[in-house]
């Protein structure tokens, strides 16, 4: 992996950039225990659309 000279912000942030530039790879490396929601997964997207409260429940369960 290429070493990045970017520091993780203290508050929430959204990594913008073109596809295939390593955003997800970097995040998984820096935040290995983070809770991930892949909204490009049809199954995940539909489950959260049907029961949006499950998002809060999953996040609160990890807190």
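A Cβ distance below 7 Å, combined with a sequence gap of six or more or placement on separate chains, defines the contacts here; from region 1-21, residues that are within 17 Å of residue 40 (Cα to Cα) reach residues that are modelled with pLDDT of 85 or more and surrounded by 10 or more Cβ atoms within 10 Å (Cβ to Cβ) in the pairs 15/23; 15/27; 17/23. Within region 44-63, the set of residues being in a loop (DSSP other than H, G, I, E, B) and under 19 Å from residue 33 (Cβ atoms) comprises just one member, 63. Within region 24-38, can you find the residues that are part of a helix (DSSP H, G or I) and within 10 Å of the chain's Cα centre (by Cα)? Correct list: 24, 27, 28.
Within region 22-44, which residues are closer than 20 Å to residue 62 by Cα and without any contact (Cβ under 8 Å) to a residue 12 or more places away in the chain? Break it down into steps so the answer makes sense when it comes.
Initial filter on region 22-44 (closer than 20 Å to residue 62 by Cα): 27-39, 44.
If the condition is that a residue be closer than 20 Å to residue 62 by Cα and without any contact (Cβ under 8 Å) to a residue 12 or more places away in the chain, then 28, 32, 33, 34, 36, 38, 39, 44 are the ones that fit.
The values are calculated or read from the model by the stated rules, or taken from the named source; none is laboratory data. Predicted model, so just to flag it, every value in this text is computed and none were measured. No Cβ is skipped: glycine too gets one built from the backbone with ideal geometry, and neighbour counts run over all protein chains shown.
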